[in-house]
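Q: This is the structure, below, for whatever I ask next.
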Amino acid sequence: MRSNTHLSLYTNLYKISLRNPHLLSQLPTPLLSLASHQLAGRGRGSNIWLSPSGCLQFSLLLRVSLANFPVNKHVFLQYLFTLAVVEACREKTVLGPKAGGQVRLKWPNDLYAVFGEGEEDLRKIGGVLVNTNVSGDNVDIVVGTLSLA
């Protein structure tokens, strides 16, 4: 791990980014927050997402200069990070090509696994949420995964 990389336990970076952007701007970056389970995740609309123990759940905080990453490019973050998770699942050392090849992306942020031939054989296994907060000359980017079971 690089000496300027921080691994710490915070209850929920995503909630911090929504409720207290000033506190978020004071945290060191990059920062990775891992969770053992999730009881009050946010889904589409008013849906609640529950994730049991054993799932991969994390939030990643990145801070980037607006000069290097202008606001009009932020819309692409959701797609890029979700694609990155799908590609990571296909790596030989993660799920491997056979199991990883079953992971599919449903725009903009849902992850599905194929368990058969038909559309009814797709099951949601997780999702990726991205939140951005502009603070001064920087943008704080919080990427969170939900329940990669």
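The values are calculated or read from the model by the stated rules, or taken from the named source; none is laboratory data. Since the structure is predicted, the reported quantities are computational estimates derived from the model, not experimental observations. For neighbour counting, all protein chains shown are included, and Cβ atoms are generated from backbone atoms with ideal geometry for every residue, glycine included.
Q: Restricting to segment 76-101, name every residue that is of a type outside the set (D, E, K, R), outside any helix (DSSP H, G or I) and within 16 Å of L56 (Cβ to Cβ).
A: T93, V94, L95
Q: Looking at N72, is it among the polar types (S, T, N, Q) and at pLDDT 90 or above?
A: Yes, satisfied.
Q: May I pose another question? Take segment 63-74 and flag every residue that is within 14 Å of L129 (Cβ to Cβ) and either without any contact (Cβ under 8 Å) to a residue 40 or more places away in the chain or of a type in the set (A, V, I, L, M, F, W, C) (or both).
A: Scanning segment 63-74 gives no hits.
Q: Something else now. Report the residue count in segment 107-146 for those that are farther than 30 Å from S65 by Cα and not in a helix (DSSP H, G or I).
A: Within segment 107-146, residues that are farther than 30 Å from S65 by Cα and not in a helix (DSSP H, G or I) number 11.
Q: Quick one: in segment 93-119, of everything that is modelled with pLDDT of 85 or more and charged (D, E, K, R), which residue is surrounded by the most Cβ atoms within 10 Å (Cβ to Cβ)?
A: D110
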